[in-house]
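Notes follow the structure.
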Amino acid sequence: MKQDKQLKKIILNSVQDSFSFGRLLESQVVKNIKLYKSLPTSKAILALTEYLTGVKRKLRKHTLVVETNCPLSLKQVEKIKRIVAKKYQITKLESKINPDILGGVRLRMGDDIYDESIQSRITQLREVLEKEI
Amino acid sequence: MSNLTREIENQIKGLKLKAQRQNVGVVTEIGDGVARIEGLSDVQSSELLDFGDGVFGLALNLEAYSVGAVIFGDFTKVKEGLGVKTTGRILEVPVGEALLGRVVDGLGQPVDGKSAIRAKDKYPVEKIAPGVIARQSVNTPLQTGIKAIDTMIPIGRGQRELIIGDRNTGKTTIAVDTIINQRDVICIYVAIGQKTSKIAQLVAKLEETGSLDHTVVVAAGSSDPATMQYIAPYSGTAMGEYFMDQGRDVLIIYDDLSKHAWAYRQMALLLRRPSGREAYPGDVFYLHSRLLERSARMNKENGNGSLTALPIIETQAGDLSAYIPTNVISITDGQIFLESDLFFAGIRPAINVGLSVSRVGGAAQNKAMKGVAGPLRLDLAQFRALQAFAQFSSDLDPATRSQIERGRRLTEVLKQPPYSPHAVEEQIVILWAATQGYLDEIEVDSVRDFEQKYIANLKLREKKLLGDIKDKKELDEKMVKELERATKAFVNIFAKFGKGAKKG
């Protein structure tokens with residue numbers, strides 16, 4: 001149990017070391033995976049799972065996902081990225097078409113979402129009316 | 001129709017909808033009301049989580065990449081892959097007068113089939129207990145209407161008195177009797193893990209006795225999820241705290257905390273928290289101490305209100321040394337111990353006076369009651385000691401025999417049928433008569449009959465005397481003389497015309 005805790009701590013640190021200014025250092029990742037593979041099998045499984053979850057999570061944190069119901073121009077996307085970059089360290093950009101949001105835009109950086117979509121407004125409106133009733 | 005449209009238009013006229021920043025996560029595991037969520041990097045411990053569709057949860061385990069949360073309400077709506085949002089709020093329940101006379105669940109939602117509850121205020125379910133400065137010592141009695149308790153194990157307003165005993169020993173009956181006896185005290189009854197039929201019976205009883213008007217029933221039955229059973233006592237306490245803050249006196253009954261600990265154990269095991277003794281998690285003591293510590297007697301600067309708690313614990317085969325009973329005994333200010341043997345011997349309420357204790361209630365007891373309680377306790381203690389001895393010896397000296405006879409009559413006086421609480425002055429006069437030896441000439445079987453007629457007689461002929469005892473709360477010489485005169489006269493009448501006089 002105690003050893004597992006120590007291992008998890010080491011993994012957390014190695015996740016941090018795998019990134020430089022928000023960019024993934026592939027060589028570092030390969031090195032870490034090799035190191036964890038060399039551990040005894042039971043520990044290797046735990047270490048690799050934890051490490052990859054951590055890396056994925058950190059990668060998501062630096063990725064901006066822009067959701068709209070119709071395609072945006074390159075200029076519009078760049079403008080959004082510029083605004084978001086003031087607060088978040090963005091290294092990757094993904095554009096998604098999601099007809100469910102009905103209109104507007106929804107931005108996602110890791111666990112944070114900024115919702116300026118029509119769907120969100122309808123939900124807010126519904127909540128207000130439900131409260132009044 | 002147009003009116004309705006206009007009303008809705010007016011409601012949303014001034015509304016400014018803006019982009020919301022939300023912290024989200026995804027459900028990766030779900031089962032038995034406990035979910036594991038990946039994401040939610042900004043979540044705080046005990047924060048309310050929104051699962052959508054009106055389902056809410058509480059974040060309890062914060063780990064490096066995931067969060068363990070419990071779900072309130074219908075967890076079958078929650079599926080793997082579902083998005084979860086943080087709300088930035090902690091769990092709150094509606095509080096206020098609108099709740100009186102209602103049966104609600106652990107979240108304050110009505111379950112009695114009546115109208116929706118329109119409560120103006122909300123109180124957080126978890127709250128830090130009042131500090132030392134805001135409190136004052138217990139100084140006002142809380143009358144239960146039960147002779148054995150009010151005389152020997154007195155409860156003060158703001159006290160925490162544990163009711164402990166095996167199943168079917170009358171624990172709930174004591175609690176219900178206490179609720180029935182209250183007039184100026186708001187009562188909150190929290191049912192945890194009980195059969196729904198039992199809760200329904202209790203509500204019907206309260207309704208029948210007219211006590212439901214000043215009572216809130218928080219029901220988390222055995223069919224409700226463990227999470228609802230876990231939160232119910234905290235919700236009930238929040239509802240009580242509102243009234244306490246208004247300067248009112250509140251009585252809260254937790255029926256029972258053993259099942260509450262079971263519910264918490266279930267939750268903790270599902271959350272994969274390390275288990276300790278009897279598989280309970282390490283913080284099971286804190287679970288109950290933080291709940292019971294919220295009972296208090298506030299000082300004048302803080303409203304002068306009080307919250308009295310009567311937690312109930314069910315023991316297994318009278319084992320007081322089990323984990324949860326010892327925990328709660330050490331937290332509370334005393335305990336009322338009920339025994340199966342006494343119950344089956346016909347001594348009801350089956351209170352073991354020797355093992356029961358009230359640590360702070362004595363300070364709140366009125367002088368008249370203290371006056372009768374002293375000799376009563378002594379007589380009963382001597383009776384218990386001699387009773388065991390008398391079983392082996394047939395010829396006893398007169399002094400010993402008279403002690404035993406007195407003890408038998410006192411035990412008879414302390415018996416009381418359920419749902420029939422007595423007023424303080426009635427308790428004082430009958431116990432005074434018994435301890436002064438006026439009942440020594442009455443047959444043991446007729447003691448209950450004597451008691452009923454004696455009190456009825458005093459109510460009819462000595463109304464002023466009873467009123468004086470109630471108001472002055474003490475027995476002065478003049479009152480004692482009057483009481484002696486009235487009692488002697490009644491004993492003579494009863495001996496002549498009643499069936500209960502001793503023969504020969």
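Taken together, the residues in the stretch B:30-60 that are surrounded by fewer than 17 Cβ atoms within 10 Å (Cβ to Cβ), away from chain A (no Cβ under 14 Å) and in a strand (DSSP E or B) amount to 1. A single entry from A:Ile113, A:Ile45 fulfils the requirement of being of a type in the set (Val, Ile, Thr) and more than 21 Å from the chain's Cα centre (by Cα): A:Ile45. Looking across the stretch B:61-95, the residues that are at the interface with chain A (Cβ under 10 Å from one of its Cβ atoms), surrounded by fewer than 22 Cβ atoms within 10 Å (Cβ to Cβ) and not aromatic (Phe, Trp, Tyr) come down to B:Glu63, B:Ala64, B:Ser66, B:Gly83, B:Lys85. Residues that are loosely packed, with under 13 Cβ neighbours inside 10 Å and more than 21 Å from A:Ser20 (Cα to Cα) within the stretch A:82-95 comprise just one, A:Ile83. For the stretch B:16-29, the candidate set comprises residues that are polar (S, T, N, Q) and at the interface with chain A (Cβ under 7 Å from one of its Cβ atoms); within that set, the residue that is most open to solvent (accessible area, probe 1.4 Å) is B:Gln20. Screening A:Leu39 on (1) assigned to a loop (DSSP other than H, G, I, E, B); (2) closer than 19 Å to B:Glu38 by Cβ shows it passes everything except condition (2). Just so you know, in the stretch B:110-158 the residues that are without any contact (Cβ under 8 Å) to a residue 24 or more places away in the chain and touching a strand residue (DSSP E or B) at 6+ places or on another chain (Cβ under 7 Å) include one that is surrounded by the fewest Cβ atoms within 10 Å (Cβ to Cβ), and it is B:Ala116. When the residues of the stretch B:317-348 are filtered to those that are assigned to a loop (DSSP other than H, G, I, E, B) and within 15 Å of the chain's Cα centre (by Cα), the one that is surrounded by the most Cβ atoms within 10 Å (Cβ to Cβ) is B:Thr332. Going residue by residue through the stretch B:434-451, is there one that turns out to be farther than 19 Å from B:Phe383 by Cβ and aliphatic (A, V, I, L, M)? Scanning the stretch B:434-451, I find no residue that is farther than 19 Å from B:Phe383 by Cβ and aliphatic (A, V, I, L, M), so the answer is no. Of the residues in the stretch A:102-110, at least one is at the interface with chain B (Cβ under 10 Å from one of its Cβ atoms) and surrounded by fewer than 17 Cβ atoms within 10 Å (Cβ to Cβ). Please find, within the stretch A:118-133, the residue that is farthest from B:Ser41 (Cα to Cα) out of those that are touching a helix residue (DSSP H, G or I) at 6+ places or on another chain (Cβ under 8 Å) and within 9 Å of chain B (Cβ to nearest Cβ). Selected residue: A:Glu132. Only one of these is over 12 Å from A:Leu7 (Cβ atoms), touching a strand residue (DSSP E or B) at 6+ places or on another chain (Cβ under 7 Å) and crowded, with 18+ Cβ neighbours inside 10 Å: A:Val29, A:Val66. Name it. Result: A:Val66 is the single residue among A:Val29, A:Val66 that is over 12 Å from A:Leu7 (Cβ atoms), touching a strand residue (DSSP E or B) at 6+ places or on another chain (Cβ under 7 Å) and crowded, with 18+ Cβ neighbours inside 10 Å. Only one entry in A:Lys34, A:Lys61, A:Lys9, A:Lys79 is within 14 Å of chain B (Cβ to nearest Cβ), open to solvent by 100 Å² or more (accessible area, probe 1.4 Å) and at pLDDT 90 or above, namely A:Lys61. Taken over the stretch A:47-69, the criterion of being in a helix (DSSP H, G or I) and charged (D, E, K, R) is satisfied by A:Glu50, A:Lys56, A:Arg57, A:Lys58, A:Arg60, A:Lys61. Taking the stated definitions as given, is A:Lys56 open to solvent by 90 Å² or more (accessible area, probe 1.4 Å), within 14 Å of chain B (Cβ to nearest Cβ) and farther than 30 Å from B:Ile12 by Cβ? In short, yes.
The values are calculated or read from the model by the stated rules, or taken from the named source; none is laboratory data. This one's a predicted model, so the numbers in the text were calculated from it and none came from an experiment. Neighbour counts are summed over all protein chains in view; Cβ atoms, including those assigned to glycine, are modelled from backbone coordinates with ideal geometry. We work out accessible area using only protein heavy atoms, side chains counted, and drop any ligands, DNA or RNA first. Shrake-Rupley method; radii C 1.70, N 1.55, O 1.52, S 1.80 Å.
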